[in-house]
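See structure below.
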Amino acid sequence: MERLTKRLTSGVADYDFSEGCYFADGQSNEVAKSAFKQNCLERLADYEDTERGPAEIQALSRLFDYILKGSKSLKEQLAMHIRLRELAEVDKDRRVVVLPCKVGELWRDQDTGRVVKITDVRYGMKWEDDTSVTYDYSDGSHGGALWDAFRDHFVRVDTEK
């Protein structure tokens, strides 16, 4: 996007008139400057019409950059956008749980000292002695309370030493 403004050394914003606003001899072209200022007003009005502040625009820009970075094609970008919308919708219903662990990680029960290897973050885990613990959510409940309890009683085992 072409900038229409610049910051003076004092930090004050000013018009950044293009070369077209001046005649060949360096004299100011007031008609061109007037058109430039009108263009600035139109762009400002377009921005204000979004009803979003600078922080919101920057956050949306970072999100869009994230989507573009992780997607190679327009089809992948659209799929990512759809997935983010789906997650936002279920998050409104408080049906999104950010799990505290990843498959393959080791965690230690702070009460017993036993170590578990996470085998499936949705339904269960397996103790080092191959004893499995499985949770049934067939009644429609979600594991949010389970994972909160997990975080309270388990600590991740640091395998990098």
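Give the residue list of GluC sites (Glu not before Pro) in segment 34-104 that are DSSP loop and have at most 10 other beta-carbon atoms within 10 angstrom. Mind showing how you got there, number by number?
Values: sites: Glu42, Glu48, Glu51, Glu56, Glu76, Glu86, Glu89; in loops: Glu51.
Of the GluC sites (Glu not before Pro), the ones in loops of segment 34-104 whose Cβ has at most 10 other Cβ atoms within 10 Å are Glu51.
When Ile57, Ile118 are ordered from fewest to most other Cβ atoms inside 10 Å of their Cβ, what list results?
Listed from fewest to most nearby Cβ atoms, that is Ile57, Ile118.
The simple Förster model, with R0 at 35 Å and r as the Cβ-Cβ distance, assigns Ser34 and Leu74 a FRET efficiency of 0.30.
Laboratory data are not the source of any read-out in this text; all were calculated from the coordinates shown. All of these numbers come straight from a predicted model, not from anything done at the bench. In this analysis, Cβ positions are derived from the backbone assuming ideal geometry, glycine residues included, and neighbour counts consider all displayed protein chains.
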